[in-house]
Amino acid sequence: MPQHYIDPNTVLSVILGGGEGSRLFPLTKERAKPAVPIAGKYRFVDIPISLSINSGFKRIFLLTQYLSSSLHRHVQQSYQFDHYQPRGFIEILAAQKTRSNTSWYQGTADAVRQNLVHLNNHRYDYVLILSGDQLYRMDFREMLNQHVQTGADLTVSTVPVLRDPAKSFGIMHVNTSNRIVKFVEKPKDPAVLDSLRLPQATLAALGAREDDELFLASMGIYIFNRDTLLQALSDEKKQDFGKDIIPSLIEPSKVFAYIHQGYWEDIGTIKAYYEASLDLLDANPRFNLYDAASPIYSRGRSLPGSKLMECVVNQSLICDGCLVNKAEILHSLVGMRSLIGSGTHVKDSLLMGADFFETPKEKEENLRFRRPNVGIGENCIIEKAIVDKNTRIGRNVTIRPDGKPKDMDSELFYIRDGIVIIPKGVTVPDGTII
């Protein structure tokens, strides 16, 4: 499809960042899902913000609600636009009760509806709706170009998925021109699934085999024409884009699917988060952090380079400001300001690091109160674990899921999908075996 210039200042990006992310507990125990760290030095919200900026759409609204303080702080400290380019901004819109509305956001569509007064203070022709908790790369200009060329009222970004994953997504059925003719939310009935399979012409266009069973799953990314969005949100009974808005627009409006064929991961569970994070360690990861043409932005930090002394490190990512002494780190991700003591073995794990370095005075107090320093002590074994920020792991501690239930809760740790999670700020005493 030929590319046509579309003024980026006709687009508003709206990032939905209010999700509770209950399936990512305990990582979301003290933070919103978009504020969960990823790749050692980023937050999930950095992904849609960066992709929007890289696509030239620099008028961005972030809608927040659940445990949003750390998310607000991160965005405010990370993104500052040039004062001489007044059209670029990131505005945080927190859920609030008003005289006319006393409820919190009731769904994705309701969140945008409650903030239309802020959107309408700006001139725009299109609204790009994004999720704040997904891992992917996309040039939104290509999606917008298709939206304009097809004369669509609404374009839904979709990704081909296999039959089993299709049961967990909103699935689109399209005609030969990719116009959406049917939408079913999380179809479980085999007959319904059969009716939603991609047609052979679309399979051929995607380079798939004719006998492949593929379905188009909604990515939760939408481009609305201004008038279409305002009209759709005028009905206050429609509170969610996936369940309410899209199905109601398919027949009366021109609704098209944009088919994304690159990597996309909806990080909905601890297992998905763990696997997506470890995939970053591969030689050719599905999500490439080293793409100079499309950088991922985050908060700039004045941290020294990491110091590794007499260590064994293999297929691992070590972030800034780490001090690692005579340790073994295998297939693991080590976050900023991680301190790892001698004799410690870390394998298949995510260490999120710390938000601060302790001062000599604080370390003296730790010694006096027999409290471990922030970081990982000496002679520890950590395998298949996620250690959240600002934790204190003492000496001779063992953390691994072997011999434990697939899911369990404890005072010091949780296990989800066979992965041990040490929550943020927890102290694990010397000699503890988990």
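Here are the numbers for the structure shown:
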read-out	value
Cα-based Kirkwood hydrodynamic radius, the stretch 209-263, one decimal, Å	13.2
Pairs of alpha carbons in the stretch 8-279 whose separation is greater than 36 Å (percent)	12
Candidates His122, His147, His173, ranked by Gaussian network fluctuation over the chain, Cα under 10 Å, top entry	His122
Amide H within-cut-off set for Phe61, under 5 Å, with H built and near neighbours excluded	Ser13, Val14, Ile15, Glu91
Selected from Leu230, Gln200, Ile245, residue furthest toward positive end of dipole (the stretch 183-290; charges at beta carbon)	Leu230
Alpha-carbon centroids, the stretch 128-159 and the stretch 356-434: separation in whole Å	42
Packing-based exposure ordering (other Cβ within 10 Å, fewest first) of Leu206, Leu308	Leu206, Leu308
Student exercise, the chain dipole from Lys, Arg, Asp, Glu Cβ charges, in Debye to nearest 20	1000
Peptide ranges 210-223, 57-70 listed from the most packed, as the mean C-beta count within 10 angstrom indicates	57-70, 210-223
Sequence-distant aspartates and glutamates (8 or more away, or on other chains) whose Cα lies within less than 15 Å of Lys307	Asp320, Glu328
GNM result for the chain, Cα springs below 10 Å: residue of Gly403, Gly341, Gly394 fluctuating most strongly	Gly403
Positive-end residue of Ile386, Asn325, Asn366, charge dipole of the stretch 307-428 with Cβ unit charges	Asn366
Ellipticity estimate at 222 nm from DSSP helix runs (n ≥ 4, -39,500 (n - 2.57)) divided over the chain, nearest 500	-5000 deg cm²/dmol
Cα-based Rg / Dmax (Å) for the stretch 307-428	13.6, 41
Protection proxy ranking, peptides 240-251, 318-329, average beta carbon neighbours within 10 Å, highest first	318-329, 240-251
Two-decimal Rg to Rh for the stretch 1-92 - Kirkwood Rh, Cα set	1.03
Theoretical FRET efficiency, 1/(1+(r/R0)^6), r = Cβ-Cβ of Ile433 and Asp409, R0 22 Å, to 0.05	0.80
Centre separation in Å (Cα based) which lies between the stretch 322-347 and the stretch 111-125	47
Positive-end residue, the stretch 307-428 charge dipole about Cα centroid, Cβ charges, pick of Pro423, Gly377, Met352	Gly377
The stretch 410-415 - phi-based ³J(HN,Hα) in whole Hz, Karplus 6.51/-1.76/1.60, Gly and Pro as x	8, 5, 9, 7, 10, 10
Antiparallel %, DSSP beta bridges [both residues in the chain], to 5	35
Entries of Lys238/Lys271; Lys363/Lys389; Lys271/Lys424 with Cα pairs more than 21 Å apart	Lys238/Lys271
Hits among lysines - C-alpha to C-alpha of Lys237 under 29 Å, sequence gap 8 or more where chains match	Lys33, Lys97, Lys167, Lys182, Lys186, Lys188, Lys254
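Bear in mind these aren't lab numbers, they're just calculated from the coordinates by the rules spelled out. Computed from a prediction, not measured in an experiment: that's the story for all the values here. Cβ sites come from the backbone with ideal geometry, for glycine too, and all protein chains shown count toward neighbours.
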